[in-house]
Each structure stands twice: as structure tokens, then as C-alpha cells.
1. Using a/c under 1.5 as the rounded threshold, could you call segment 4-146 rounded, prolate or oblate? The axes a ≥ b ≥ c are square roots of the C-alpha gyration tensor eigenvalues, and prolate needs a/b larger than b/c, oblate otherwise.
2. Running a GNM on the chain with Cα contacts under 10 Å, which residue among Ser33, Ser250, Ser237 ends up with the highest mean-square fluctuation?
3. Kindly put Lys157, Lys244 in sequence by how many other C-beta atoms sit within 10 Å of each C-beta, fewest to most.
4. Test of the criteria: in segment 31-83, which chymotrypsin sites (Phe, Trp or Tyr not before Pro) are in a DSSP loop and have at most 12 other Cβ atoms within 10 angstrom of their Cβ?
5. Which of rounded, prolate or oblate describes segment 105-210 when judged by the alpha-carbon gyration tensor and an a/c cut-off of 1.5?
6. How much net charge surrounds Arg56 when only other residues with a Cβ under 13 Å from its Cβ are counted (Lys, Arg +1; Asp, Glu -1)?
7. Express in whole angstrom the spacing between the alpha-carbon centres of segment 91-152 and segment 228-277.
8. Let's see if you can work this out: charge +1 on each Lys and Arg Cβ, -1 on each Asp and Glu Cβ, no other charges. What is the dipole magnitude of segment 90-170 about its Cα centre, in debye to the nearest 20?
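All of the numbers you see were taken from the coordinates with simple rules; none came from a lab. Since we're looking at a predicted model, the values are computed, not measured. FYI the Cβ positions are ideal-geometry reconstructions off the backbone, even for glycines, and counts take in every protein chain you see.
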Amino acid sequence: MIAVYLFQKIEEAAVRYNDARKNIGDFLLLKKSKIRDYSMQQIAEQTYTSKTTLFRYAQSMGYSGWKEFLQDFLEEANYTENHYSEVDPNLPFMPNDTTESIVKKITKIQIESLEETADQIDTYALDKATSMILSSRYIVLFGISPNNLLGRVLKRKMESIGIIMSVASVDESGMVSAALKEGDCAVIVSYSGNNDLREPMKYIKPLKDRGVNLIGITGGGNNYIRQNIDCVLTISSRERLYSKISNFTSEESIMHIFNLLYACCFAQNFDENYTHKVQNSQELEYRRNASLYSMREGEFDDLKE
């Protein structure tokens, strides 16, 4: 499976730098596989640059030259166009789409996100992350919105089986990270995973120096999180960083990873966790009154053989 990560790297550079890297990046992402129809000179003219600038651009992306860069770019473009539906995860619907069309398109890209996440799951890393969570004293999830908001769902699930987890607010994350020590666990969630000067990446080095167990959840590619954390789970990475309607696919992917972490922790002590979960649900959620027959529990238990 081709890693769909170069597009993300190109967009990040186009947003971060207001120079030739923006012109080149915007043009490449606009044309995608159609870029094969342009010569190097034509691309230079369309981006108001030069062939020398294009060569340096390729080097800034980690390639020896433009030819090698373009080969990987086209390979990624072709893979994306041939292995996914025509629905763009960044612009899955347009103003003229009907409600039915929107339902189908959002459902389609979220299913694709789940499938891609499952394909990319490193089961060794998942087992290692599960072990870290179960053996750590304190577990804290770090991330900016919306990742920290999604983390609260994981927090609730973990607490339902007796695993205490907290989610650091952005304002307090520096203080919280400084309080963690050897034997604790930090879950670092970031889609791009690159900027080591902002939260939560800037906490990785000091946490690592203090011997804190680290779990990274990030998009693909050789980003800062992957370079500094050994245990990493991969988010579906087809979304652009900024030019999109919403985080439809990345949020679905993150929640799937959270669900897998919860499920693996649950499975390690299945019988005890199931008993604990059911008993707590019965005691604490007694106000729930299901209207659907299939959701009701206990009403006819005395009739069971």
C-alpha cells in the first residue's frame, strides 16, 4: 500500500512559507496526476519560478532531485485516484448536492477512513500501547482541539473498566506534562505531528528524558512524532491540513484507534472487565429507559430457560 503522505507535506510547506514553496505546492496539489502533462519548464512558468527553484524544492522535500520527487508525487496521485472513491475527503460535497447525496458521500469517505486505518494498524505497536496503558500509574492524553475533545470519549470508556485516564487541557498541558514521571504514560495525538514548537509535540523530549511511556497517534510520513516516539499508531492521512470542510475522515480514524485501544485493554481481562462494566452501568445508568424492544434489558429475564 502506498503511503499517502507527500501531499500533506507539500500542503504544510505551502501554508507555512509565503514564497516559491507556496506557488509550487498550490500548483502541484491543484493538478495532481495531470502534472505529468507538464514539462519542468512549463511548471516553472506556471509557478513563476525556475527549473533551479524546482530542483531546490524537491531537495527541501527530501529528494535528490526533481525527477525523483515527481515520480513519488505521481505514484501517490495515481494511488489516491485509483484506490479510493471519487469523493474528495476535503470537499466531499458541494452546494448543489442533495441531502441524500451528502449522506452517501460522508458515509463513503468515513468507511474508507476506517478501512485505511485498519490496513495501516501496526499490531505490534497496538499491543505495546495496550501494555503501556495497563502498566502505567497515570495516563494523560495530550492534543489540541478537536483531538482532546475526542480523547474525552476514550477517557470515559477507559474509566468504565477502572482505568483512570485524564485529558490535558491546552492551557494546563505544560504543567500536567511536567508532573508526569517514570512509570506514567502520555498519549500524544496530532494529525500532522510535525511542529516541535507547539503543543503537544513540544512536550515529547522532556517526557522522554524523564522516562515517561509515550504513545504517538499521528498521520503518516516521517514526522517529528515518528522520529521521537517508538510506539506509533497511524491516522488515515488523506485530508489536507487546512483546505477542507471538516475533519470527517481524520476524526473517524482517531476514534477507531481509540476504540481499538479500549478494546485491547478490555480483552486483556475480559471477564472481570465485562462484569465491572455491566454492574456499573446498571447501578449508575438506571435512569435510561429504552423505547426500542431490542434495547431493553431484564424485563423478561424470569421467562428465560
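1. oblate
2. In this elastic network of the chain, the residue with the biggest mean-square fluctuation among Ser33, Ser250, Ser237 is Ser33.
3. Listed from fewest to most nearby Cβ atoms, that is Lys244, Lys157.
4. Listed in order of number, the matching sites are Tyr48.
5. The shape class here is prolate.
6. +1
7. A separation of 5 Å, based on Cα centres.
8. 460
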